[in-house]
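Structure, as structure tokens:
The values are calculated or read from the model by the stated rules, or taken from the named source; none is laboratory data. Just so we're clear, the structure is a prediction, and the values are computed from it rather than from any experiment. Cβ sites come from the backbone with ideal geometry, for glycine too, and all protein chains shown count toward neighbours. Surface areas here come from the heavy atoms of the whole protein model, side chains and all, with no ligands, DNA or RNA. Shrake-Rupley method; radii C 1.70, N 1.55, O 1.52, S 1.80 Å.
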Amino acid sequence: MLNIVLFGPPGAGKGTQSKLLIEKYGLIHLSTGDILRGEIANGTELGLKAKSIMDRGNLVPDEVVIGMIESILGKNTQAKGFIFDGFPRTSAQALALDNLLEKLGTSINAMLSLDVKSEELVDRLLERGKESGRADDQNRDIISNRINEYNNKTAPLKDYYLAQEKLILIEGVGTIAEINDKLCRAIDQI
Ligand code: AP5
Ligand code: MG
């Protein structure tokens with residue numbers, strides 16, 4: 001299996017690049033944000049609970065997202081691999097992911113971390129917010145809160161994967177094709 005954590009702050013391009021990578025490498029895209037927005041759209045109990053947290057730009061509780069990932073991994077044991085987008089976001093999630101993958105006899109091959117400055121992230125998200133309908137893209141305060149949550153709780157995971165010699169830093173500014181090229185070159189070297 002080829003298992004990649006595609007990492008980076010809100011608006012770094014994780015979703016955009018995941019779509020290109022799953023096509024090229026035949027992987028499954030696992031975006032906890034997309035799954036949660038699906039739950040909200042379907043009006044499920046989980047969606048109702050998650051909505052107010054997500055709309056403010058805070059993180060949903062670990063046990064909720066870990067449960068979602070566990071269920072999807074369990075249903076796709078024959079997959080060629082996964083791109084994890086927006087997961088893990090806390091150290092509890094990173095530990096849980098390692099444990100879940102170990103049970104399947106596999107592991108994370110690399111964390112590809114997209115680096116983009118905050119000003120560019122805010123511009124991208126406000127621009128997307130004009131059409132995305134995402135409540136968390138609509139104003140600067142919520143976007144700043146998402147970036148703060150990332151800096152405080154999520155960015156430290158780079159050290160977790162660095163300690164496992166799996167961290168690869170990628171400059172996330174440039175055209176979508178240029179960034180895709182850099183990601184593919186990194187993956188081809190794994
Ligand atoms: P999630 O859906 O994961 O959102 P996010 O991390 O805030 O990131 P985005 O999806 O906004 O950005 P992205 O990096 O995917 O960039 P994209 O490709 O879209 O999470 C949402 C919420 O769900 C969280 O706040 C939390 O509440 C909850 N949640 C999710 N996972 C969780 C977890 N594991 N634990 C707890 N809570 C969780 O690109 C952004 C924009 O930029 C697009 O318009 C795109 O077209 C544009 N763009 C992309 N690349 C470029 C480029 N190279 N140049 C210019 N523009 C570009
Ligand atoms: Mg995304």
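Across the stretch 41-60, which residue is nearest to Phe87 (Cα to Cα) among those that are among the hydrophobic types (A, V, I, L, M, F, W, C) and more than 10 Å from ligand 1 (Cβ to nearest atom)?
Going residue by residue through the stretch 41-60, those that are among the hydrophobic types (A, V, I, L, M, F, W, C) are 41, 46, 48, 50, 53-54, 59-60.
After this cut, where a residue has to be more than 10 Å from ligand 1 (Cβ to nearest atom) as well, the list is 41, 46, 48.
On the way: Ala41: 20, Leu46: 17, Leu48: 20 Å.
Selected residue: Leu46.
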Matching option when the condition is under 14 Å from the mean Cα position of the chain (by Cα) and acidic (Asp, Glu), among Asp34, Asp55
Asp34
Within the stretch 2-39, which residues are open to solvent by 50 Å² or more (accessible area, probe 1.4 Å) and more than 18 Å from Ser71 (Cα to Cα)?
Thr16, Lys19, Leu20, Glu23, Lys24
Counted residues, the stretch 103-123 - those being within 15 Å of ligand 1 (Cβ to nearest atom) and surrounded by 15 or more Cβ atoms within 10 Å (Cβ to Cβ)
9
What number goes with the only condition from (1) out of contact with any Gly (no Cβ under 7 Å at 6 or more places or on another chain); (2) open to solvent by less than 60 Å² (accessible area, probe 1.4 Å) that Gly86 does not pass?
(1)
State all residues of the stretch 146-177 that are without any contact (Cβ under 8 Å) to a residue 12 or more places away in the chain, loosely packed, with under 12 Cβ neighbours inside 10 Å and farther than 17 Å from Pro10 by Cβ; if no residue qualifies, say none.
Asp159, Ala163, Glu165, Thr175, Ala177
Applying the selection to the stretch 5-45, what residues are touching a Lys or Arg at 6+ places or on another chain (Cβ under 6 Å) and in a helix (DSSP H, G or I)?
Ile40
Residue, surrounded by the most Cβ atoms within 10 Å (Cβ to Cβ), within the stretch 61-82, restricted to residues that are under 23 Å from Ile22 (Cβ atoms) and within 11 Å of ligand 1 (Cβ to nearest atom)
Val65
